[in-house]
Structures are given as C-alpha cells and as structure tokens.
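Trainee: Below you will find the structure I want to go over with you.
Every read-out reported here was derived from the displayed coordinates using simple, explicitly stated rules and does not represent laboratory data. None of the values given here were measured: they were computed from a predicted structure. Virtual Cβ from ideal backbone geometry, glycine too; neighbours counted across all protein chains shown.
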Amino acid sequence: MTNQQFEPFYDVNRTYDDNYRQGPFGLFAQALTGGTTTETDATSACAATPASVLGFPVNLPFGIPAGPLLNSRFTTAAFRMGFDLAVYKTVRSRAWGCNPFPNVLAVHPKAADGSLTPGSAELDEGVLADTRYNLPISISNSFGVPSRDPDVWQPDMRDAIAAAGPGQLLVPSFQGSRVAGMSTDEYIADHVACARLVCETGAQLMEMNTSCPNEGHNRLLCHDPHLVGRITEAVKNEIGDRPLIVKLAYFPSDIELETMVRETVGHGTAQGFSTINTISAKLVDASGNQALPGEGRDRSGVCGNAIRGAGLDMVRRLSAIRERLGLDFAIVGVGGVIEPEHYLAYREAGADAVMSATGAMWDATLAQRIKAAIGA
Ligand SMILES: Cc1cc2nc3c(=O)[nH]c(=O)nc-3n(C[C@H](O)[C@H](O)[C@H](O)COP(=O)(O)O)c2cc1C
C-alpha cells in the first residue's frame, strides 16, 4: 500500500509549518469536525475498567508519543479517535526553527522483515530512503525539534489539556535548548524555565526529552546520565509533585541504563521513562548519495516498523532493572507499534503504557483496532 490510498494525519508532503497551520488531515480532520462517531465508542467502551498511569486513570494505556501531535487540534483529534494518551509535541523555552523540508522520508532496511538492529553495520553504511511509503511503514524524521514561542504554545497547551475526555491524559513534552556560549548551569536553568512554563498551562505531569540530538551533531543528552540526573533534580524542584517522565533513546549498555535509573528515579527526581526514540542511521538514495539535503543531515533518526525489536529490547531490560533494584517507576514503551499484537508485546515486556507515532500516523484507527482486538 502507498500513501496515495489513505491520508496520514501528518502530511509528509507538506512542510512542518503547513501541517501546523492546516492539519491534521484525513480521519483526524473528520474527528475534529464531528464527521466520525467512532471515537465516542472507543472511549466509552473502556471507561468501566480504567488503568492507572502514574496515578492518573486512563481508559487504555495507549496513545501517541511526542512528535506527530503538533498542537491542540492534533491532540484533540487523537483523543476523539480513542488514543487515551496524547503527548503534545516537544516545546522549548523559546521559538526554534524547523529543519528544511523534507522532514520525513520512507526508509527501506535490507532485512526481509524490515528491521534495523542497533549497532549493525547497515546503520553506518547507508539505509535506502525515498518517498515510497510502503507498509509495514518505516520512516525517518528530521525536524530539529522546532517550537513556537511560549506565548503561542502556552495557551494552546492549555486548550489541549482541557480537551481530554474522561480517562484520557494530555502529556506535555519539553526539552532544554543548548545555544552557543551557554554554560552547563545555564543549560540546566533553561530546562527549569521551560518546565515552569509547562506548569503554568495547568499540566499535571510532563515528559522531558533527552533523546534528540540536541547536544550537537548526533550527540544525545541521555547518554550523559549524570547530567540528566542534575537536570531532573533541578526540574523536580520546580515542578513539585507532578510526575516527570524522561524520554530516552536506545541504550546499548545495561550498565549505562542502570546508571540512568539510579541517577534519576533512584534520587526521586523522575517517576518514569518513555523509550525508545528513533535509531540513527546514514540515509542514502538509490544512487548511494545523501538522501536528506543539507549539512549535518547525512544521518537521521529512523522510526516505525524497523525499530520495534530495539524498543522491545530496551523495555525488557529497563523492566529487569526495575525489578532488580526494587524501584517503582513507569515504563512507556515506544517504537514500531503498528498492529494490536505489538501493543500486547510491549505490555508483556513490562511497559505500563504503550505509544505509537509512525504506526498511528499511517493508521488513525490504531487505538480503535487495539481496543477491538483485546475486547476493551
Ligand atoms: C514526525 C515525528 C516527530 C517526532 N518528534 C519528536 C519530538 O519532538 N520529541 C520527541 O521526544 N520525540 C519525537 N519523535 C519520536 C517519537 O516520539 C518516537 O519516540 C519514535 O518515533 C519511535 O516511535 P514509532 O516507531 O512509533 O514512530 C518524533 C517522531 C515522529 C514520527
């Protein structure tokens, strides 16, 4: 199937700004104008037996992670389509531009099942990327974590929170912004300032993104657990009792992962992890040339079907660490959830909640299909 046959709610053929202003599209657009009633069924069907995510009642602990839900129109449409967890795309303490278009390409790993293995040579040799959006869908996303000015996103986030139905939860995502000449203390303070801005919207919890290459070319904050520990301590002092989720990329090493848990949850400064973000790969076109135009875009993050094995692996290892250390924290499993059985696989791996970005973009009915499949 190609993307001609249906309409993802984020249109990869338009710019980020056009999506922000004109989206969402397809079934999400219909849900906003009241053109579909399935969302009500999907929500109420689960209301009798809500789950609890970090103390909040949630009909089904399934939703859409940080990224494809650009503003309150997207998050509201997600709620109406039965996604009971909706993460508001990562915001910053200041306006921040988007990488040039295109921001999304289809990705075609060599393996027959379309998977990519962390650490494999293919990631450095080059993975084919183009505009053939075949199912099961794998894509690359290259946005650079754009943000509106707080004066714009704060009132919009307030609306997004207010639009959650019974048993639904809006989760704001934020991150710090590293600008030239900033000291580490100033960088930490920027996280705190942004967390404060999120609190002002009435948010009851939040997610802090440490998994995008915001530390320079392909360098991730989460691979410095000690710094993440300092940041979560400062943020927690600001946000008080509101639960803090830390968004993590894939960790190859259990030792590093355990250090992350000890430096954050171990000190009471984080209450959960959401994982994984994308897996970085060199992207090439059919001639072997750089697929995404521009400096610093030879590599980009891959998500969707290709990374499900890595996401499940990370959740299993995190769950084992939770057990071993006897700590209580939430795990939000993310990566390659495209079918209802993938939701169940993540729950079995130890995830308390599950989310799908790419899978939901290409199938707006995914939450409804999961609810139907498990009889919720
Ligand atoms: C279009 C798009 C934009 C994204 N933007 C963000 C973001 O702003 N912050 C973030 O933490 N993750 C972002 N992500 C990563 C997702 O939250 C998720 O971790 C990743 O896509 C893996 O899930 P998937 O396989 O279901 O897509 C984005 C993903 C997509 C597809």
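Trainee: Once the Cβ-Cβ distance between Ala189 and Asp17 is put in as r, and R0 is 41 Å, what FRET efficiency do you end up with, to the nearest 0.05?
Mentor: It comes to 0.90.
Trainee: Then there's this: Treat each spin label as a single point 7 Å out from the Cα along the C-beta direction, and report the Leu135 to Glu295 distance in nm.
Mentor: 4.2 nm
Trainee: Sticking with this structure for a sec: Using a Gaussian network model of the chain whose springs link C-alpha atoms within less than 10 Å, name the residue from Arg219, Arg132, Arg324 with the highest mean-square fluctuation.
Mentor: The residue that fluctuates most here is Arg324.
Trainee: Just add up the charged neighbours of Val58: K/R +1, D/E -1, any other residue whose Cβ is under 12 Å from the Cβ of Val58.
Mentor: With Lys, Arg at +1 and Asp, Glu at -1, the neighbours total -2.
Trainee: Here is a further query. Can you tell me which of Phe25, Phe79, Phe62 moves the most in a GNM of the chain? Springs connect C-alpha atoms under 10 Å apart.
Mentor: Among Phe25, Phe79, Phe62, the largest GNM mean-square fluctuation belongs to Phe25.
Trainee: Here is a follow-up. With r as the distance between the Cβ atoms of Ala121 and Arg196 and R0 = 41 Å, compute the FRET efficiency 1/(1 + (r/R0)^6) and round to 0.05.
Mentor: The pair Arg196/Ala121 has a calculated efficiency of 0.40.
Trainee: Let me ask something else. Which FRET efficiency value, to the nearest 0.05, do you get for Phe6 and Arg94 by plugging their Cβ-Cβ distance into 1/(1 + (r/R0)^6) with R0 = 51 Å?
Mentor: 0.90
Trainee: Quick one: Lys282, Lys89, fewest Cβ neighbours within 10 Å first, how do they rank?
Mentor: Lys282, Lys89
Trainee: Would you compute, for the Cα atoms of segment 105-150, the largest minus smallest coordinate along each principal axis and list the three values in descending order, in whole Å?
Mentor: If we take the Cα atoms of segment 105-150, the spans are 44, 24, 14 Å.
Trainee: Let me ask something additional. If eta is 0.890 mPa s and T is 25 °C, what Stokes-Einstein diffusion coefficient results for the chain, Kirkwood Rh from Cα pairs, in µm²/s?
Mentor: Value of D from the Cα-based Kirkwood radius: 120 µm²/s.
Trainee: Can I ask one more? Please list, in order along segment 164-181, the HN-Hα scalar couplings obtained from phi with the Karplus expression 6.51 cos²θ - 1.76 cosθ + 1.60 (θ = phi - 60°), rounded to whole Hz, x for Gly and Pro.
Mentor: Rounded to whole hertz, the list is 5, x, x, x, 10, 9, 8, 10, x, 10, 9, 8, x, 10, 8, 10, 3, x.
Trainee: Additional query: ³J(HN,Hα) across segment 14-20 via Karplus (A = 6.51, B = -1.76, C = 1.60, θ = phi - 60°), whole Hz, x for Gly/Pro?
Mentor: Values, residue by residue: 10, 5, 4, 5, 5, 4, 4 Hz.
Trainee: In what sequence do Cys199, Cys222, Cys212 fall when counting other Cβ within 10 Å, fewest first?
Mentor: So the residues, fewest neighbours to most, are Cys199, Cys212, Cys222.
Trainee: Any lysines with Cα under 25 Å of the Lys236 Cα? List them, leaving off those in the same chain fewer than 8 positions away.
Mentor: Within the straight-line cut-off, Lys236 pairs with Lys89, Lys247.
Trainee: Calculate the spin-label point distance for Ser52 paired with Glu348, positioning each point 7 Å from the Cα along the beta-carbon direction, and give it in nanometres.
Mentor: Placing both labels 7 Å beyond Cα along the Cβ direction yields 2.7 nm.
Trainee: On to the next question. Search the structure for amide H atoms under 5 Å from the amide H of Asn99, placed 1.01 Å from N in the peptide plane, and list their residues when 5 or more places away or on another chain.
Mentor: Residues meeting the criterion, in which the H sits 1.01 Å from N, are Gly144.
Trainee: Let me ask something else about it. How large is the convex hull of the Cα atoms of segment 48-191 per residue, expressed in Å³ as a whole number?
Mentor: Given the Cα convex hull of segment 48-191, per-residue volume reads 183 Å³.
Trainee: Then there is this: With springs connecting C-alpha atoms under 10 Å apart, model the chain as a Gaussian network and identify which of Thr49, Thr76, Thr232 has the largest mean-square fluctuation.
Mentor: Highest fluctuation among the options: Thr49.
Trainee: Still on this model: Karplus couplings for segment 140-147 from phi (6.51 cos²θ - 1.76 cosθ + 1.60, θ = phi - 60°), rounded to Hz, Gly and Pro as x?
Mentor: 10, 10, 9, 10, x, 6, x, 8
Trainee: Over segment 16-374, what is the relative contact order in percent, taking alpha-carbon pairs closer than 8 angstrom and at least six residues apart?
Mentor: Across segment 16-374, relative contact order equals 19 percent.
Trainee: At a 10 Å Cβ-Cβ cut-off, how would you order His108, His342, His226, fewest neighbours first?
Mentor: Least to most surrounded, the residues fall as His226, His108, His342.
Trainee: Between Asp285 and Arg219, what is the label-point separation in nm under the 7 Å Cα-to-beta-carbon projection?
Mentor: Placing both labels 7 Å along Cα→Cβ, they lie 3.1 nm apart.
Trainee: Shifting gears a bit: Is segment 247-376 best put as rounded, prolate or oblate by its Cα gyration tensor, with a ≥ b ≥ c the root eigenvalues, rounded for a/c under 1.5, and otherwise prolate when a/b is larger than b/c, oblate when not?
Mentor: oblate
Trainee: Want the number for Phe101 to Thr365: 0.36 nm per residue separation, take away the alpha-carbon distance, what's left?
Mentor: 92.3 nm
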